[in-house]
Amino acid sequence: MRLDAGMVERFRADGFLAFDTGIPPNEIEALRETLAGLHSANVGFEEGALFDAMGVDDGTTPARFPQILHPRSFAPELIGSSYYRVARDIAEQLLGSELRFKADISLMKPARIGETTPWHQDEAFHDPDFDYDEVSFWLALQPVDETNSCMAYIPRSHKGPVLPHGFPGDDARIHALECVGGFDARQAVLCPLPAGGCVIHNQRTLHGAGPNLSDRDRLAYVLIFDRVPTPAPLARHFPWRTEHRTARERRELEWRRHGGLLVHLWRQRTRVRLTSVRTLLFDMRRAARAVRRMVLEG
Ligand SMILES: O=C(O)CCC(=O)C(=O)O
């Protein structure tokens, strides 16, 4: 599948775009069943892959926004999905042939208790020493609208800088970040979608979503593609990154210290692209940082 010229232009202008993937309903249902199965089996909790993005995530209260990082590691059947092929083709159209597959994430908003996703820019989670070019695909695995947490965007917000972020309720233990100023939420555009509908945004587009007030769990499957980040031309500081102390990170660190690092590096092998010295240096820097954190922190 390819986007037509008008769609590409709208994505570049607004920073987001909704479209229908055309993936048959039985394949959407199969993706939903696979991901729902991983969530109900609590897969990946010990290693920090499963976490509650909107709670303190100590496992004592029902999770309000459970997410699984890299669900492909736990359900390899996700790797060959039509969704991956559709997303990859479109990502190549938008990012060029040097694109890389960065990550997949399963996003669950449990029926009735699924929490609001605060306004944020994905780049606020990233290392400010680099500049990014990425596209995130958000696939609806059931119909979504305002009642069950469809995505909402601030058009053209991707043309501005990374805005100041903090933590929901000022609690640095919470994984989610919240943009704390510099935008007008009244400009928000909601993106209701049918099952199999998809919305894409880039790393700087401001977005959020409401709570899930419906009687059915809301599931979305995210795929992220990027180009290798380049050094940022101007120094930037994201103070919220240094203050962030989540239970997910602690679990991940413990797991890596007890042998998980090798498993992690083995899984990462498919993401490393030895296309240039630049990509190699970037991947080596990331690996060195993972080892340094493991040795120094904990
Ligand atoms: O699904 C949601 O509520 C939020 C998703 C999100 O923030 C993202 O895909 O970047």
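The values are calculated or read from the model by the stated rules, or taken from the named source; none is laboratory data. Quick caveat, the model's predicted, so the values are computed rather than measured. Counting neighbours? That spans all protein chains shown, and the Cβs are built from the backbone with ideal geometry, glycine included.
Per-structure values
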read-out: Criterion (among the aliphatic types (A, V, I, L, M), more than 16 Å from the ligand (Cβ to nearest atom) and buried (at least 16 other Cβ atoms within 10 Å of the Cβ)) met by exactly one of LEU107, LEU69, LEU95; value: LEU95
read-out: Lone unmet requirement of (1) near the ligand (Cβ under 10 Å from one of its atoms); (2) more than 17 Å from LEU163 (Cα to Cα) for GLY208; value: (2)
read-out: Residue within region 128-148 that is more than 15 Å from the ligand (Cβ to nearest atom), in contact (Cβ under 8 Å) with a residue 60 or more places away in the chain, buried (at least 17 other Cβ atoms within 10 Å of the Cβ) and part of a strand (DSSP E or B) present; value: no
read-out: Residue ID - modelled with the lowest pLDDT, chosen from residues in region 255-280 that are loosely packed, with under 10 Cβ neighbours inside 10 Å and not in a helix (DSSP H, G or I); value: LEU274
read-out: Members of region 179-227 found to be in a strand (DSSP E or B) and aromatic (Phe, Trp, Tyr), listed by number; value: TYR221, PHE225
read-out: Considering residues of region 110-127 that are farther than 14 Å from PRO164 by Cα and surrounded by fewer than 21 Cβ atoms within 10 Å (Cβ to Cβ) only, the residue nearest to the ligand (Cβ to nearest atom); value: THR116
read-out: The one condition in (1) of a type in the set (A, V, I, L, M); (2) in a loop (DSSP other than H, G, I, E, B); (3) in contact with a Leu (Cβ under 9 Å, 6 or more places away or on another chain) that ALA176 fails to fulfil; value: (3)
read-out: Region 1-16, subset farther than 18 Å from ASP133 by Cβ and touching a residue at least 60 places away in the same chain (Cβ under 8 Å), residue surrounded by the most Cβ atoms within 10 Å (Cβ to Cβ); value: MET1
